[in-house]
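One structure is given here, and the rest of the page talks about it.
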Amino acid sequence: MSFLEIKGLHASVGEKEILKGVDLTVNAGEVHVIMGPNGSGKSTLSNVIAGHPAYHVTSGSIFFKGKDLLAMTPDERANTGVFLAFQTPTELPGVGTALFLKTALNAKKKFLGEKPLDAVQFMKRLKTRAQALGVTDEMLKRAVNVGFSGGEKKRMETFQMAFLEPDFCILDEMDSGLDIDALKTVGDGINVLREPHRSFLMITHFQRLLEYVVPDYIHIMIDGKIVRSGDKTLAEQLEERGYEEFK
Amino acid sequence: MKTEKEKLSDFVEEPYKYGFETKIESDMAPKGLSEDIIRFISAKKNEPEWLLAFRLKAYKHWLTLKEPHWGKLSYQPIDYQSLYYYAAPKKNETPKSLDEVDPEILKTYEKLGIPLKEQEALAGVAVDAIFDSVSVATTYKAHLKEKGIIFCSISEAVRDYPELVQKYLGSVVPPTDNFFAALNSAVFSDGSFVYIPKGVRCPVELSSYFRINARNSGQFERTLIIADEESYVSYLEGCTAPQRDENQLHAAIVEIIVHDDAEVKYSTVQNWYPGDKDGKGGIYNLVTKRGLCHRNAKLSWTQVETGSAITWKYPSCILKGDNSVGEFYSVALTNNYQQADTGTKMIHIGKNTSSTIISKGISAGYSNNTYRGLVQIAPSATNAKNVSKCDSLLIGDKCGAHTIPVMKCANTSGVIEHEATTSKISEEQLFYAEARGLNQEEAVGLIVNGFCREVMQKLPMEFAIEAQRLIGIQLEGSIG
């Protein structure tokens, strides 16, 4: 049984077909990267895996740990272990970040039939993870993503991922808009989470994140399809020659 | 055919034709409203002559008034002659056990985490649960008595503290104030009475919930709160558990007198039956709430309105004394076919008076939610200040949100600030929360509670937690 298996995936927004037959297999512990030009369908793929209601799957399948992901609601997918770090995280005015994470964690515990964390356990887990990613108490007190800079938002996404301990992490352009220091923090945050039972799917335009997080596989997506897969050297080729030769 | 007016005058002038004494023996007055009925109620309650006179005067004035329809509310006219104005609780009709209670209500109790005994009491099951609350209430009362605080039903107060009641009843909301206030003054059933002596800080939150019989105060509830100089009290009205009532019309009055240097916080969670999802049934909640602030006094109204089919309610502050402060914090949530027209009036009369209004309206389903407010600065109110913030949140595209703020400033030194926003819960916000593992209902509940946070923070801690849960429950099924 594969960890994540996508077969013949077609998906549209409204009338427009964006994914035109994606096949992808990710095994436990692997880091996969999807690169591709703007509009190639990279972000659509991550949204479809997470269950965004604006995207409609017209054919194909996604199985995660043997379960039919497409038959699940977004929250069921999340609680089964899928995590999407958003490219542009939405603001939730008035919703405290700590409360949000507590609600999310306890939803997962409930889904898995586990006991919710008490206030002390929760705070301990929150503080430990926050410190590791340079997330301050003041940031935790703010409403979710409200008043955060671009870099802070990305750091918070990485922090939420570390806190919720998902099995399959989708990182949608985590490197966009980050300076070198922030990129390094986010990269370190990802590396710490690399474990044999956890896999990553990173979506990026650029090679620079790959200097910090070394992937096992790179896939090139063009016009809704994966046109080439290879190891990390594929990124180097891409850097030199651009997407033109893969079209 | 006689005209309405003729019928009415026939009715008013109709000679006394029922044996007054014989009626006293029965537990229920016949349908309709008349002088006889008012005498009957007053006699049943063994009231003094002055109170009967108060009621009759109110009734006579009521006859000259028309039901107001300026609110953004639409409902069938109320037939006041088809209502019962006095009925002793009907024992046979109360459920004998929770098995006889509507399972929908039980589900809600469970979600709110209400203990079984309390569920029984709330559902009106005649059981020992009442005894529990008797003992709780008794301890509570003894504790308050030590401080000289009076907390009892208004009927008891009429009997035991007639001078206080006579002095203050109708002093802030006169019987002639409006149609529903006149009606209430004529026929009020029962309610709470609070007196905090000079310099006393009430050590506990006073809750109508703890007062025995408060749950059966009837449809014309009357509350009178007097905070003497330099005193403080926080009063809680209602509870988060859904309340059903056979009486569709509820017309209550709350009057508060805040003397020099005193402070009163009045918090309400209103969760009367809102009707079913097709808009059938539900309580009409038509309430007059007002407080009078003397020098350096402060009155804060905090309300969370989630129930009732119709809400018509404007808790107000008359800032008569210099430096007095009025506050209004409100969350009004409407779903399905509910209609709410609610807000406040801040009347600045004294110098350096200030007021704050924060209103959060949430509309879902096919509901209509209106904020209606008045800020008035009188010529005498030098350096008066008001800050108002009215936010509306829409869920779905079949509901309505309306903001009608009126500002009248008759003193050039007055400062009024008003801010209003309207927003919708976006698909992106919902998806973000769902992608973190929250189901749709949890996500909506969290986002809406975030929207209301400024107001929720003003509620006493325990009340706030329950109110947050309640908002989530009330919105169930509102997205989809």
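The values are calculated or read from the model by the stated rules, or taken from the named source; none is laboratory data. None of the values given here were measured: they were computed from a predicted structure. Glycine gets a Cβ as well: all are built from the backbone with ideal geometry, and neighbour counts include every protein chain shown. What goes into the accessible areas is simple: the full protein's heavy atoms, side chains included, and nothing from ligands, DNA or RNA. Shrake-Rupley method; radii C 1.70, N 1.55, O 1.52, S 1.80 Å.
With respect to residue B:467, is the statement that it is more than 12 Å from chain A (Cβ to nearest Cβ), part of a loop (DSSP other than H, G, I, E, B) and open to solvent by less than 10 Å² (accessible area, probe 1.4 Å) true?
no
Let me spell it out: the conditions are (1) in contact (Cβ under 8 Å) with a residue 40 or more places away in the chain; (2) more than 14 Å from every other protein chain (Cβ to nearest Cβ); (3) open to solvent by 70 Å² or more (accessible area, probe 1.4 Å); (4) touching a helix residue (DSSP H, G or I) at 6+ places or on another chain (Cβ under 8 Å), and residue A:174 meets all of them except one. Which number is the exception?
The failed condition is (3).
Among (1) of a type in the set (Ser, Thr, Tyr); (2) away from chain A (no Cβ under 14 Å); (3) closer than 25 Å to residue A:85 by Cα, which single condition is residue B:413 missing?
Of the numbered conditions (1) of a type in the set (Ser, Thr, Tyr); (2) away from chain A (no Cβ under 14 Å); (3) closer than 25 Å to residue A:85 by Cα, the odd one out for residue B:413 is (3).
Counting only residues that are closer than 28 Å to residue A:27 by Cα, part of a helix (DSSP H, G or I) and touching a Pro at 6+ places or on another chain (Cβ under 9 Å), which one in segment A:82-106 is most open to solvent (accessible area, probe 1.4 Å)?
Here the residue is A:106.
Just to check your reading of the model, which residue among A:158, A:185, A:233, A:204 is without any contact (Cβ under 8 Å) to a residue 24 or more places away in the chain and hydroxyl-bearing (Ser, Thr, Tyr)? Step through it out loud before you land on a result.
Details: A:158 fails: without any contact (Cβ under 8 Å) to a residue 24 or more places away in the chain; A:185 fails: without any contact (Cβ under 8 Å) to a residue 24 or more places away in the chain; A:204 fails: without any contact (Cβ under 8 Å) to a residue 24 or more places away in the chain.
Among A:158, A:185, A:233, A:204, only A:233 is without any contact (Cβ under 8 Å) to a residue 24 or more places away in the chain and hydroxyl-bearing (Ser, Thr, Tyr).
Only one of (1) within 8 Å of chain B (Cβ to nearest Cβ); (2) over 26 Å from residue B:457 (Cα atoms); (3) touching a residue at least 40 places away in the same chain (Cβ under 8 Å) is not met by residue A:100, so which one is it?
(2)
Go through segment A:11-27 residue by residue and tally those that are under 15 Å from residue A:223 (Cα atoms), free of Cβ contacts under 8 Å to residues at least 60 places away in the same chain and β-branched (Val, Ile, Thr). Full working, then the answer.
Initially, segment A:11-27 is screened for residues under 15 Å from residue A:223 (Cα atoms), giving A:11-13, A:16-23.
Now narrow it down to the ones that are free of Cβ contacts under 8 Å to residues at least 60 places away in the same chain: A:11-13, A:16.
Okay, now just the ones that are also β-branched (Val, Ile, Thr), so A:13.
Number satisfying all stated conditions: 1.
Collect the residues in segment B:277-304 that are in a strand (DSSP E or B) and either free of Cβ contacts under 8 Å to residues at least 12 places away in the same chain or closer than 25 Å to residue B:80 by Cα (or both), keeping them in residue-number order.
Keep residues of segment B:277-304 that are in a strand (DSSP E or B), which gives B:284-293, B:298-304.
Of everything in segment B:277-304, those that are in a strand (DSSP E or B) and either free of Cβ contacts under 8 Å to residues at least 12 places away in the same chain or closer than 25 Å to residue B:80 by Cα (or both) turn out to be B:284, B:285, B:286, B:287, B:288, B:289, B:290.
If I filter segment A:110-127 for residues that are within 14 Å of chain B (Cβ to nearest Cβ), buried (at least 19 other Cβ atoms within 10 Å of the Cβ) and of a type in the set (Asp, Glu), do I get at least one hit?
The answer is no, given that none of the residues of segment A:110-127 is within 14 Å of chain B (Cβ to nearest Cβ), buried (at least 19 other Cβ atoms within 10 Å of the Cβ) and of a type in the set (Asp, Glu).
Being over 16 Å from residue B:356 (Cα atoms) and in contact (Cβ under 8 Å) with a residue 24 or more places away in the chain is the filter; apply it to segment B:406-428 and report the residue that is most open to solvent (accessible area, probe 1.4 Å). It would help to see each step written out before you state the result.
Step one: list which residues in segment B:406-428 are over 16 Å from residue B:356 (Cα atoms), which gives B:410-413, B:421-428.
Subsequent filtering for residues that are in contact (Cβ under 8 Å) with a residue 24 or more places away in the chain retains B:410-411, B:413, B:421-425.
On the way: B:410: 62, B:411: 20, B:413: 37, B:421: 61, B:422: 95, B:423: 47, B:424: 111, B:425: 23 Å².
Going through the qualifying residues, I end up with B:424.
Filter segment B:446-458 down to residues that are more than 9 Å from chain A (Cβ to nearest Cβ) and either not in a helix (DSSP H, G or I) or not aliphatic (A, V, I, L, M) (or both) and give me whichever is surrounded by the most Cβ atoms within 10 Å (Cβ to Cβ).
B:458
Out of B:391, B:397, I need the residue that is over 24 Å from the mean Cα position of the chain (by Cα), surrounded by fewer than 24 Cβ atoms within 10 Å (Cβ to Cβ) and within 24 Å of residue B:308 (Cβ to Cβ). Which one? Reasoning before the result, please.
Values: B:391 fails: over 24 Å from the mean Cα position of the chain (by Cα).
Among B:391, B:397, only B:397 is over 24 Å from the mean Cα position of the chain (by Cα), surrounded by fewer than 24 Cβ atoms within 10 Å (Cβ to Cβ) and within 24 Å of residue B:308 (Cβ to Cβ).
Going by the conditions given, is residue A:19 at pLDDT 95 or above, open to solvent by less than 50 Å² (accessible area, probe 1.4 Å) and more than 14 Å from every other protein chain (Cβ to nearest Cβ)? Break it down into steps so the answer makes sense when it comes.
On the way: at pLDDT 95 or above: yes; open to solvent by less than 50 Å² (accessible area, probe 1.4 Å): yes; more than 14 Å from every other protein chain (Cβ to nearest Cβ): yes.
Yes.
I'd like the full set of residues that are of a type outside the set (Gly, Ala, Ser) and either farther than 22 Å from residue A:105 by Cα or open to solvent by less than 40 Å² (accessible area, probe 1.4 Å) (or both), limited to segment B:470-480.
B:470, B:471, B:473, B:474, B:475, B:479
Report, by residue number, each residue of segment A:55-81 that is within 12 Å of chain B (Cβ to nearest Cβ) and open to solvent by less than 30 Å² (accessible area, probe 1.4 Å).
Residues satisfying the conditions are A:74, A:75, A:77, A:78, A:79, A:80, A:81.
Of all residues in segment B:423-444, count the ones that are closer than 19 Å to residue A:101 by Cβ and either more than 9 Å from chain A (Cβ to nearest Cβ) or among the basic types (Lys, Arg) (or both).
Residues flagged as closer than 19 Å to residue A:101 by Cβ and either more than 9 Å from chain A (Cβ to nearest Cβ) or among the basic types (Lys, Arg) (or both) within segment B:423-444 amount to 3.
List the number of the failed condition for residue B:461; all other conditions in (1) within 14 Å of chain A (Cβ to nearest Cβ); (2) at pLDDT below 95 hold.
(1)
Yes or no, residue by residue, for (1) in contact with a His (Cβ under 9 Å, 6 or more places away or on another chain); (2) of a type in the set (A, V, I, L, M, F, W, C):
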site	(1), (2)
B:414	yes, no
B:424	no, no
B:438	no, yes
B:448	no, yes
B:460	no, no
B:469	no, no
B:473	no, yes
